[in-house]
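What follows is a short report on a single structure.
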Amino acid sequence: MNHNKALVIVDAQRGFMPAEEGERLGVAGFGELPVPNGQSIVRPINGMTGIFLDHGMPIATTQDNHPEETAHFSAEPNFIDTWPAHCIAGTPGAELHPELLAATHQRVAHFVKGDVSAKTPENDDSYTGVLAHRFDFEPIFGLPKPDAESHPALESIREMLPDYLRKLNAMSAYVCGLTVGKERPLCVDSTAIDLKKQGFEVTVVTDAVEAVVPEDFDACMQNLGDLGIRLMNSHEVVAEVAATPEEVLR
C-alpha cells in the first residue's frame, strides 16, 4: 500500500443536490440536475476530510463549470449523454455544497472541468476528473507560494488533477462524490476508471457516492470492482488513513 494518499471529491455541487436541500439551507443553486439523496454524501465526505487534514494528506475537488451553450445540455435530455442545464460557470449551482468542509478549507485544491463547449454528446469530455484543471497558480500543497515577481509565468500555469497528485507523490486516490451510472460511466466512475488507467491505486468510497438512478447503485459498484477498483465505506477509509504514519506534507 502506498502511504501517500489523496482524497478526490468529485462534483459535490449544489446543482446535483435535491431542491429540498437548498430549501433547508436557504441558498440557491440546488435541484438543477438532482441526484436522489445526493445530500447524503456530505457527512461521510466531511468525516474523511477531517482525517486527511489531520494526517497532512492532500484533498482535491472537481467541479463542473459548464458554458451556457454545450451539447452536454438538451431541452429534451436522455439522461445518458444529454442533461438539463446544470452547474453553469459563475452560477450558484456550480458551487460546492456549503456544508462541505472542503468547500472553504485553505488546504483543499479545487479543479474545474467541462468548461469547454461540447460540439456533440459523442465528443463530450466533461465527465472525467483526469481532465479537471486549475488555471491560476495556487501554492503547492503544504509549500509556500513562489514569489510572482521572480516567477511571473507561474501565475498562468494550467495544472491537471493527475499531475497535481503525482507532484505530491499521492498515488493512492480515494474517490467520492456525484455521481455513478450504469448505462455509461458518469463523473465519479469515469474519474476512478481513468485514474486507475493512469497508474493510480483507486478506491471508491461506497457510502460517499450516489447513483443517478438509485436502483443501479449495486450494478455500478460491481462494474467498478470488476475493473480492479477497491470498494470501501468511509469508516473503513478513516480507519485505514488513521493507521497510516503521518507524511511530511504539512
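Taking the criterion of being farther than 19 Å from Leu186 by Cα and part of a loop (DSSP other than H, G, I, E, B), the residues of the stretch 77-92 that qualify are Ala89, Gly90, Thr91.
When the stretch 165-202 is limited to residues that are small (Gly, Ala, Ser) and touching a Leu at 6+ places or on another chain (Cβ under 7 Å), the one that is surrounded by the most Cβ atoms within 10 Å (Cβ to Cβ) turns out to be Ala192.
Can you list residue pairs whose Cβ atoms sit under 8 Å apart, with the first residue in the stretch 49-63 being free of Cβ contacts under 8 Å to residues at least 40 places away in the same chain and the second being outside any strand (DSSP E or B)? Count only pairs 6 or more apart in sequence or on different chains. Short answer, once both residue conditions are applied: none.
A quick yes/no check of all residues on (1) among the polar types (S, T, N, Q); (2) in a helix (DSSP H, G or I):
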{"residue": "Gly177", "(1), (2)": "no, no"}
{"residue": "Thr191", "(1), (2)": "yes, yes"}
{"residue": "Asp194", "(1), (2)": "no, yes"}
{"residue": "Glu210", "(1), (2)": "no, no"}
{"residue": "Asp216", "(1), (2)": "no, yes"}
{"residue": "Met221", "(1), (2)": "no, yes"}
{"residue": "Glu236", "(1), (2)": "no, yes"}
{"residue": "Glu240", "(1), (2)": "no, yes"}
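Being over 22 Å from Thr61 (Cβ atoms), among the polar types (S, T, N, Q), at pLDDT below 95 and outside any helix (DSSP H, G or I) is the requirement here; does Ser150 meet it? When the stated conditions are applied, Ser150 passes them.
When the criteria are applied in full, Thr61 meets the requirement of being of a type in the set (Ser, Thr, Tyr), under 17 Å from Pro98 (Cβ atoms) and part of a strand (DSSP E or B).
Considering the stretch 22-54, the residues that are assigned to a helix (DSSP H, G or I) and in contact with a Gly (Cβ under 7 Å, 6 or more places away or on another chain) include one that is farthest from Ala170 (Cα to Cα), namely Gly22.
The values are calculated or read from the model by the stated rules, or taken from the named source; none is laboratory data. Being a predicted model, the structure only gives us computed values, none of them experimental. Neighbour counts are summed over all protein chains in view; Cβ atoms, including those assigned to glycine, are modelled from backbone coordinates with ideal geometry.
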